[in-house]
Amino acid sequence: SRRREDFTLNINMLLRPTAFAALLLATSVDAFSGVGVAPLRSATALRSPICVHARSTLVAPQKRHVAMGARMGYTTEEKGAFPSEEYRMFFKSDGANVSPWHGIDTWADKDAGVVNAIIEISKNTRPKMEVATKEEFGPIKQDMKKGKLRDYPLDIFWNYGMIPKTWENPKAEHPELKAFGDNDPVDIVEIGSASIPRGSVVQVKALGTLAMIDEGELDWKVIGVSLADPKAASINSLDDLDKAFPGQIDEIREWFRNYKSDGKFVDGKWGGITEGQNSFGFDDKCLDAAHTKKVIEETQGEYDLLMAGKVEADGLSLK
């Protein structure tokens, strides 16, 4: 299991009753938001061991949590109960609101191909969480569909989020795929072994990308591994990623191909599909790290045009 650096029980505390009582109070349910600890799921969570995330399911207004982004000076503040239409997770830097889309750099180390990833959805969970690109400061909220909170029909088996300061321009047609962007930042799938808490800012090696076409719109899915993953040091290419996590790239493709379909996922396989599948460009191929970097750079360019006012924002918040 992943080593916890943020919570250590010093044996000397046990010898001081007053200090030990204070420690117990500090480690109440809402105080837990540690790295690699996910909500308790049923045994149907197929891709990683079940583990307990002690953050309470119902979050009281204005609770403050420290995620992995705290190492970079970012914390998060949750407002509203979860799950609810009112729930929002805001990002903070030095006590002030900061947009995870506009206020955090794309690259942690461009030469090494390492991006900053904003985790919106922890692995083995279902609520469809996303950065609210049309709201000031872009808090994370739960997506709505037909007036109801949106959940995936099954757990997502990887950590999922977005890459800041990128944008898939809905007015720009891809020259090869003949599809327009989906009006969102570029999505990223973190393939590693640990569940990463929602709101974390994680440094991820961006090593591959799938060109998903969703209802005619281009929706890139970058795939990578967190630098904190135990296997990350030996993973430097798409081939390395596939060897370290065999079969997972294919599973990611099939998950995103079928999750909107009328099919069912039973015993690790999709079946009964007659309609509703997404498709993929480049003959379903996962493009390599060099192409992935190019995709990120191109979408950075579209983002820069948006922020410069050269492309109509159409309701997007630029704050």
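How large is the translational diffusion coefficient of the stretch 194-319 in µm² per second when you combine the Kirkwood radius over alpha carbon pairs with Stokes-Einstein at 20 °C and 1.002 mPa s?
Calculated translational D: 128 µm²/s.
In sequence order, what are the phi-derived ³J(HN,Hα) couplings for the stretch 124-137 according to the Karplus relation 6.51 cos²θ - 1.76 cosθ + 1.60 with θ = phi - 60°, rounded to whole Hz, with x for glycine and proline?
Karplus-based 3J(HN,Hα) across the stretch 124-137 equals 6, 10, 10, x, 7, 9, 7, 5, 7, 5, 9, 10, 4, 6 Hz.
Where the only charges are on Cβ atoms (+1 Lys, Arg; -1 Asp, Glu), what is the dipole of the stretch 113-243 about its Cα centre, to the nearest 20 debye?
About 420 debye.
As a test, work out the antiparallel percent of DSSP beta bridges whose residues both lie in the stretch 147-223, rounded to the nearest 5. Walk me through the numbers before you get to the answer.
On the way: 13 of 18 bridges.
Of the beta bridges lying entirely in the stretch 147-223, close to 70 percent run antiparallel.
Using a 1.4 Å probe on the protein heavy atoms, what percent of the accessible area of the stretch 146-262 belongs to carbon and sulfur? Let's see the in-between values first.
Numbers: 1980 of 4140 Å².
C and S atoms contribute 48 percent here.
Modelling each spin label as a point 7 Å along the Cα-to-Cβ direction, I'd like the Asp304/Lys231 distance in nm, to one decimal.
Rounded to a tenth, the inter-label distance reads 3.5 nm.
Report the gain in length on full extension from Lys110 to Leu318: 0.36 nm times residue separation, minus Cα-Cα distance, nm rounded to one decimal.
Full-extension gain reported as 72.5 nm.
Once R0 is set to 30 Å, what does the formula 1/(1 + (r/R0)^6) return for the Cβ-Cβ distance between Ile273 and Glu173, expressed as a FRET efficiency to the nearest 0.05?
Details: r = 29 Å, r/R0 = 0.96.
With R0 = 30 Å, the Cβ-Cβ based efficiency is 0.55.
The values are calculated or read from the model by the stated rules, or taken from the named source; none is laboratory data. Predicted model only: the values in this text are computed from it and were never measured. Cβ coordinates were reconstructed from backbone atoms using ideal geometry, including for glycine residues, and neighbour counts include every protein chain displayed. Areas reflect the complete protein model, heavy atoms only, side chains present, ligands, DNA and RNA absent. Shrake-Rupley method; radii C 1.70, N 1.55, O 1.52, S 1.80 Å.
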